[in-house]
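Here, each number is a calculation from the coordinates, and none is a lab measurement. Here the structure is a predicted model, which means the values were calculated and not measured. Glycine gets a Cβ as well: all are built from the backbone with ideal geometry, and neighbour counts include every protein chain shown.
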Amino acid sequence: MATKILLIENDQALAGRLSASLEATGFEVRATGDGKEGLDLARDWSPGAVVLCVELPAMSGYLVCQKLKKDDGLKAIPLVLTSAEATQETFEKHRTLKARADEYLLKPYEPEALVEKLGALVGLPEGAAALTAEEGEEELVSLEEELGIGAAEGEPGAEVPGLDLESLPDEPSGGAPGAAVDEDLRLLDDAFDGI
């Protein structure tokens with residue numbers, strides 16, 4: 001029997017791509033873009049793992065994660081948390097909470113990265129047709145190569161100056177954007193401790 005993966009993802013196009021890749025690998029997939037429906041599916045369908053997007057309408061993925069990990073019947077289900085808005089630092093702080101995910105992925109990510117994370121958490125299906133980065137990728141060719149022309153006379157061609165990364169600031173100027181998120185995560189953790 002195929003391992004069941006519950007995909008709670010607000011981006012329908014991404015959910016379709018991920019579902020297709022997971023199914024091609026041998027997983028059984030159900031997808032929803034709603035956090036409450038995702039919680040109900042987790043209870044009723046008993047998935048082997050949950051892939052949860054932070055940016056959900058009505059109920060954030062962080063709140064869904066809290067509810068999954070505080071529920072005695074669901075807390076053992078491996079959970080991969082994904083986000084387009086979080087940073088690696090935000091995820092590192094989330095890892096310190098009591099109700100945390102098992103793995104994290106920052107968007108955009110390739111379906112292969114998700115398959116790899118799920119494979120590590122629940123194992124790949126027997127005879128899995130695991131996707132490789134080379135499958136389905138097109139070779140990038142420049143217009144000059146395609147048309148068989150070289151750089152025009154007087155153009156620098158390969159003489160492009162390098163970027164001095166050492167001269168760039170480490171942090172963007174302004175306040176610390178992650179501070180509000182850190183405070184929100186702390187408040188959520190404290191609030192759910194009382195439940």
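Among the listed pairs LYS36/LYS117; LYS69/LYS93; LYS69/LYS117, give every one whose C-alpha distance is greater than 21 Å.
LYS36/LYS117
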Within the under-13-Å Cβ sphere about GLY33, not counting GLY33, Lys/Arg +1 and Asp/Glu -1 give a net charge of -3
So the FRET efficiency between SER46 and ALA84, C-beta based with R0 = 45 Å and rounded to 0.05, is 0.95
Approximate shape of region 4-132 as ellipsoid semi-axes (Cα gyration tensor, √5λ), whole Å, largest first:
21, 16, 14
Magnitude of the Cβ-charge dipole (Lys and Arg +1, Asp and Glu -1) of region 4-132 about the Cα centre, nearest 20 debye, reported as 480
Please report, in debye to the nearest 20, how large the charge dipole of region 24-67 is about its Cα centre when each Lys and Arg carries +1 at its beta carbon and each Asp and Glu carries -1 there.
120
Trypsin sites (Lys or Arg not before Pro) lying in DSSP loop within region 67-110, provided at most 14 other Cβ fall within 10 Å
LYS75, ARG95, LYS98
Length-normalised contact order of region 5-127 in % [C-alpha pairs under 8 Å, at least 6 apart]:
26
Within 10 Å of each candidate Cβ there may be at most 11 other Cβ atoms; applying that plus a DSSP loop requirement, which GluC sites (Glu not before Pro) in region 6-102 survive?
GLU85
Using the charge dipole of region 4-132 (Lys, Arg: +1 at Cβ; Asp, Glu: -1 at Cβ; taken about the Cα centre), state which of LEU22, LEU68, ILE5 has its Cα farthest towards the positive end.
LEU68
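Find how much the distance from GLU112 to ARG17 grows on full extension, using 0.36 nm per residue of separation minus their present alpha carbon separation; answer in nm with one decimal.
Between GLU112 and ARG17, full extension yields an extra 33.1 nm.
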